[in-house]
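The values are calculated or read from the model by the stated rules, or taken from the named source; none is laboratory data. Note that the structure is a prediction, hence the values are computed from the model and not measured. Neighbour counts are summed over all protein chains in view; Cβ atoms, including those assigned to glycine, are modelled from backbone coordinates with ideal geometry. Each accessible area value is taken on the protein alone, full model and side chains, heavy atoms only, with ligands, DNA and RNA left out. Shrake-Rupley method; radii C 1.70, N 1.55, O 1.52, S 1.80 Å.
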Amino acid sequence: MAIAKAVYNQNLYPKQLEVQPETNEVTGTSQAELSWRVPVHGTVYGAALNYQEELDVLGKALYEKPYNTPPAAPVLYIKPVNTLTPHLSSVPVPQGEEELQTGAALGIVIGKSATNIEVNAAWDYIDGFTVANDISLPFESFHRPPVKQKARDKFCPLGPWVVATEEVTHPDDVTIEVFVNGKTRQTATTRNLVRSIPQLLADVTEYMTLYEGDVLLTGTPARPPLVQKGDKVQVKIAQIGILENTIQ
């Protein structure tokens, strides 16, 4: 069991729960009694190209024009508030589109204002971790985040809750899995991050402040599964939980 904070039913602020991350069970209640809400209130940022396998797949393309070299700093983008949607909600396929690209990601929830922090102090600024599905329309651009493809309504499911930092042993080595209609479609690990969690926080806060409640997504693994209307998608992160949404 683990201690987590969640927003559900008529609550406006997070409530503490005892949860079982591997099964999404909640002590003292049933899932039928809970109507989930997004468990964070800040800005959600994504970090592109932060898995080594992503860079390996792109290969020589990283050295083509206009930049001619792999990015030397984190490539960030924002998932605006219109993209946020909770556990067990539906994600619409925009008119004229046939499929969506999943984006399983570990979300770092900031616990206090972080500006120009040191790597060895990064854990002091983390309130906990959540599960995200950084959904987008399929795209080819990688040097510049494709806002039109990533910022559609409900394109960032988050939840079900935020697990306290101390409940997660070795966050830089947790397994991430994506299931589509009950079948395993992707398996990855944060062990393969280009920038570890402390390094990513240090690099980002070198030039911008992260505030309490903000979420920094550590990146999405290479070869994300594509999904269509009617698919049930689950993103499971060990020690944290299972985020489930239906494509509509």
Q: Taking only protein heavy atoms into account and a 1.4 Å probe, give the accessible area per residue of the range 155-239 in Å².
A: 40 Å²
Q) Taking the C-alpha atoms of the range 1-88, how large are the radius of gyration and the largest Cα-Cα span, Dmax, in Å? A) 19.3, 57
Q | Column: log10 I(q)/I(0), Debye, Cα scatterers of the range 1-157, q = 0.14, 0.15 Å⁻¹ | A | -0.87, -0.98
Q: Please give, to one decimal in nm, the separation of the simple spin-label points placed at Leu12 and Thr69, each 7 Å out from Cα toward the Cβ.
A: 5.1 nm
Q. Stokes-Einstein D for the range 125-183 at 25 °C, 0.890 mPa s, Kirkwood Rh over Cα pairs, in µm²/s?
A. 174 µm²/s
Q. Relative contact order, percent, of the chain when contacts are C-alpha pairs under 8 Å separated by at least 6 residues?
A. 30 percent
Q: List, in the order given, every pair from Lys5/Lys229; Lys15/Lys112; Lys154/Lys232; Lys183/Lys232 whose Cα-Cα distance in the structure shown is over 21 Å.
A: Lys5/Lys229
Q | Rule-of-thumb Rg ratio for the range 75-142 [Cα; 2.2 N^0.38 Å; N residues] | A | 1.42
Q: Note down the net charge around Tyr125, summing +1 for each Lys or Arg and -1 for each Asp or Glu among other residues with Cβ under 11 Å from its Cβ.
A: -4
Q. Using a Förster distance of 25 Å, how high is the FRET efficiency between Ala61 and Gln199, based on the Cβ-Cβ distance and rounded to 0.05?
A. 0.55
Q. With all protein chains present, how much of the accessible area of the range 93-248 (probe radius 1.4 Å) comes from carbon and sulfur, to the nearest whole percent?
A. 42 percent
Q: For the range 106-248, just list the percent of Cα-Cα distances falling in each 5 Å bin from zero outward, please.
A: 2, 10, 18, 22, 21, 16, 8, 3, 1, 0
Q: Mind jotting down the distance between the C-alpha centroids of the range 229-248 and the range 186-206, whole Å?
A: 22 Å
Q | Exposed GluC sites (Glu not before Pro) absent - longest run of the chain, DSSP non-H/G/I/E/B, at most 11 other C-beta within 10 Å | A | 141-248
Q) Among bridges DSSP assigns within the range 1-155, what percent are antiparallel (round to 5)? A) 100 percent
